[in-house]
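Engineer: The structure that follows is given in the form of structure tokens.
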Amino acid sequence: MANVRRLGPVGLVVRCVAAALVAWLLLSVGAVLALRRWPPPVTAMMLEQPGPLRETRYEWRDRAQLAPTAARAVIASEDQRFLAHHGFDFDQLQIAIDEYRAGDELRGASTITQQVAKNLFLWSGRSFVRKGLEAYFTVLLEAFWPKQRILEVYLNVAELGDGVFGVEAAARQYFGAHASALSAEQAALLAAVLPNPHKLHADKPSNYVRGRQSWILAQMKLLETRGHYRGLDW
């Protein structure tokens, strides 16, 4: 008690804040390390769904049960420098800023790692706090997970339709197949809806979605020709 009195109110607040920060660090690092080995039973994005959690379609599949076409399609669609960067693609961010200044709509430049961080741990929406936490978890994921694990988790937790999470659930829902058997065309169609799975639909693809599918297929072939996927080990 004497020690608490000697600290004074300011010192006590500083000590409490420091203790909270240490606890946060231990919990967040512990969660990231645990999810390196075990599949997430649920994600923050799933908990945000408007309906009951039991109605969410989510079926985890290990990397060996996910078709290489799925991995290649999301890289071609979402993050072509995934194997080269360390969580942040500053080149794409600068391009997005330049396009916005030129009069285009502001588009996202999030990497696959950033999307995994958001899907697993954070809420939707835009704010400096959320972006800061996203950056924090992105650094942790890149530090403690290999690229293959980041991509494996992304393919399992990305939302691909209303309440449909992961390529296994999506493959069964839209194609009556398993994720291990996805063709390049099917994988590209799923990747085509990733920017906005609530407005873009794999089961009833619009002309825009079909156009994105064709573009992704072309990018997949181009990246393979250039040897881009050699470091993927998938």
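The values are calculated or read from the model by the stated rules, or taken from the named source; none is laboratory data. Keep in mind that what you see is a predicted model, and the values were worked out from it rather than measured. All Cβ positions, even for glycine, are placed from backbone atoms using ideal geometry, and neighbour counts span all protein chains on display. All accessible areas refer to the heavy atoms of the entire protein, side chains included, with ligands and DNA or RNA removed. Shrake-Rupley method; radii C 1.70, N 1.55, O 1.52, S 1.80 Å.
Engineer: Restricting to segment 22-57, what's the tally of residues that are loosely packed, with under 10 Cβ neighbours inside 10 Å and among the small types (Gly, Ala, Ser)?
Structural biologist: The number of residues fulfilling the criteria is 1.
Engineer: Report whether or not Arg126 is outside any helix (DSSP H, G or I), within 20 Å of Gln49 (Cα to Cα) and of a type in the set (D, E, K, R).
Structural biologist: So Arg126 passes the test.
The rows are residues; the columns are (1) closer than 25 Å to Leu217 by Cα; (2) touching a Leu at 6+ places or on another chain (Cβ under 7 Å).
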residue	(1), (2)
Ala31	no, no
Pro39	no, no
Asp62	yes, no
Ala67	yes, yes
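Engineer: Scan Ala192, Ala143 and give me the residue that is touching a residue at least 24 places away in the same chain (Cβ under 8 Å) and of a type outside the set (Lys, Arg).
Structural biologist: Residue meeting the stated conditions: Ala192.
Engineer: Starting from segment 167-182, take each residue that is free of Cβ contacts under 8 Å to residues at least 40 places away in the same chain and on the phi < 0 side of the Ramachandran plot and list its partners that are assigned to a loop (DSSP other than H, G, I, E, B) and among the hydroxyl-bearing types (Ser, Thr, Tyr), counting only C-beta distances under 9 angstrom and pairs at least six apart or across chains.
Structural biologist: Short answer, once both residue conditions are applied: Phe175/Ser183; Ala177/Ser183.
Engineer: Can Lys147 be described as modelled with pLDDT under 95 and within 19 Å of Asp79 (Cα to Cα)?
Structural biologist: Here the answer is no, as Lys147 does not meet what is asked.
Engineer: Regarding Ala179, is this residue closer than 23 Å to Trp60 by Cβ and in contact with an Asp or Glu (Cβ under 9 Å, 6 or more places away or on another chain)?
Structural biologist: yes
Engineer: Only one of these is aromatic (Phe, Trp, Tyr) and open to solvent by less than 10 Å² (accessible area, probe 1.4 Å): Tyr154, Tyr208, Tyr174, Tyr229. Name it.
Structural biologist: From the options Tyr154, Tyr208, Tyr174, Tyr229, the qualifying one is Tyr154.
Engineer: Only one of these conditions is not met by Asp79: (1) open to solvent by 60 Å² or more (accessible area, probe 1.4 Å); (2) in contact (Cβ under 8 Å) with a residue 24 or more places away in the chain. Which number is it?
Structural biologist: Just one mismatch for Asp79, condition (1).
Engineer: Go through segment 185-234 and count every residue that is assigned to a loop (DSSP other than H, G, I, E, B) and acidic (Asp, Glu).
Structural biologist: Total meeting the criteria: 2.
Engineer: Within segment 58-71, which residues are among the polar types (S, T, N, Q) and open to solvent by less than 40 Å² (accessible area, probe 1.4 Å)?
Structural biologist: Thr69
Engineer: A follow-up question, please. If we scan segment 38-48, do we find a residue that is within 22 Å of Tyr136 (Cα to Cα), without any contact (Cβ under 8 Å) to a residue 12 or more places away in the chain and in a helix (DSSP H, G or I)?
Structural biologist: yes
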